[in-house]
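Step one of this worksheet: look at the structure below.
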Amino acid sequence: MIKTKLISFLLNAVTGNQEITGVGFKPKAIIFFHNSQSAAGFGANKTINHGMATAATEQAGISSVTVDALSAQGNCYHTNAACIISIDNTGAPTRTAALVSFDDNGFTINVSVASGTPVIQALCLGGDELQAKVVQFTTRTSTGVQNVTGAGFLPQSVFAFCNINSLTPPDDRGGGFGQLSFAASTTQQVVTAWNSGFSGSSVDEKVQSAADFMRWSNGGSIFWNADFNGFTADGFDLNWTTANGTARYAWALCLKGAQFAVGSFNQPTSGGRFNNIANIGFKPKGAILMSFNNITSSAVIQDVSVSFGAIDQFLSRGFIWAGDLDNANPTQSDMNLDQTKVMKMISSGTLTVNASADVYALTPDGIELNWDSVDATAREVLYWLIGENNTVHDIVDENTVPFSR
């Protein structure tokens with residue numbers, strides 16, 4: 001039986017081991033997301049951080065930051081020795097924590113760099129049938145097919161991230177960069193990415209696609225592009241149609257033993273409840289939504305605006321957003337934390353919340369969202385879903401789990 005639990009906690013302000021409980025099962029994989037805020041609402045600086053872990057020896061984290069009201073470059077950081085990482089504008093870690101163990105009711109991390117008590121959100125995945133493995137790889141430096149190996153099984157879905165860094169991890173580089181990708185097949189792949197360059201001299205921009213797996217831009221042009229080319233017995237293949245001559249580090253969370261769906265939908269332009277995700281063929285038990293806060297477009301769009309939310313089988317939800325206004329000197333960089341919504345569309349600079357949604361129900365073949373505020377722009381939202389391998393588990397579990405509000 002597949003199990004999911006979205007849990008949030010305050011990272012310890014002192015170094016040492018920290019035990020996280022309340023998950024209700026022993027996780028096999030965790031996806032972390034946070035933006036250095038200790039309380040809900042808006043905050044100064046564009047900070048967006050992600051992590052993944054399947055064992056103490058299988059974890060990774062990326063951090064991207066641009067400090068608000070500063071005439072300086074943003075920075076980013078990657079590590080294969082921690083799953084929770086945030087940095088300051090110089091690239092120095094301000095908070096670092098590594099997975100120590102998965103426990104019967106949660107997990108234990110070791111905080112090695114501490115500062116304040118930020119809210120960390122973690123989507124925990126488990127169950128007897130689930131297999132999970134974090135794999136590190138470097139990007140291909142020429143066009144063609146790349147075979148990513150190391151999973152140890154034939155995956156059914158993959159979540160990947162990178163921040164366009166060629167330096168051996170752990171290390172930082174200039175520029176507040178990042179990319180998040182999901183795939184469940186060659187016809188189900190999505191990516192959202194951002195580039196926060198030098199204040200006043202370089203484009204702050206974003207790209208998004210529901211038909212590619214790796215896509216990033218620099219200075220208004222596509223820097224690289226790769227399609228998801230299928231799963232293999234030990235990982236997956238990528239087909240690079242645009243490549244960069246320098247290999248960059250990336251990480252992939254490979255998953256097997258569940259049903260998965262990856263796709264996109266458009267934000268409604270009228271409020272209320274909508275089956276935004278439907279006809280997927282199974283009842284979800286967890287979901288991740290993300291958006292670059294723009295209509296569907298293959299173009300490079302000015303301004304950084306990254307929305308990322310998650311849902312578990314109990315309808316717990318969490319959301320972070322980070323934005324950076326294009327070509328502003330000094331920088332105008334902001335972030336948002338909300339644990340009552342799963343998606344918000346926010347304009348960089350003005351901080352206008354153009355649309356927001358809470359989860360209403362996990363339906364037999366999708367997700368129903370309740371949009372409490374909308375505008376006239378149908379922005380694209382990307383999604384990743386996980387559910388049981390068969391309907392027998394859904395019937396049993398449905399009697400004990402609340403699937404609607």
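Side notes on the structure shown:
- GNM top mover of Asp365, Asp227, Asp172 - the chain, alpha-carbon springs below 10 Å: Asp365
- If you take the Cα centroid of segment 90-160 and the Cα centroid of segment 275-318, the two points sit 20 Å apart.
- Which of Ser291, Ser297 has the fewest Cβ neighbours within 10 Å, and the rest in rising order: Ser297, Ser291
- Taking the chain as a Gaussian network of alpha-carbon nodes connected by springs under 10 Å, the highest mean-square fluctuation of the residues Leu255, Leu70, Leu125 belongs to Leu70.
- Rounded if a/c under 1.5, otherwise prolate or oblate - segment 3-398, Cα gyration tensor axes: rounded
- Max mean-square fluctuation residue, GNM over the chain, Cα-Cα springs under 10 Å, options Val353, Val190, Val158: Val353
- Of Lys3/Lys283; Lys3/Lys344; Lys5/Lys46, pairs whose Cα-Cα distance is over 18 Å: Lys3/Lys344; Lys5/Lys46
- Local electrostatic count, Asn294, Cβ distance below 12 Å [Lys/Arg +1, Asp/Glu -1]: -1
Computed from the coordinates by the stated procedures, all read-outs in this text should not be read as laboratory data. If you're wondering where the values come from, they're calculated on a predicted model, not measured in any experiment. All Cβ positions, even for glycine, are placed from backbone atoms using ideal geometry, and neighbour counts span all protein chains on display.
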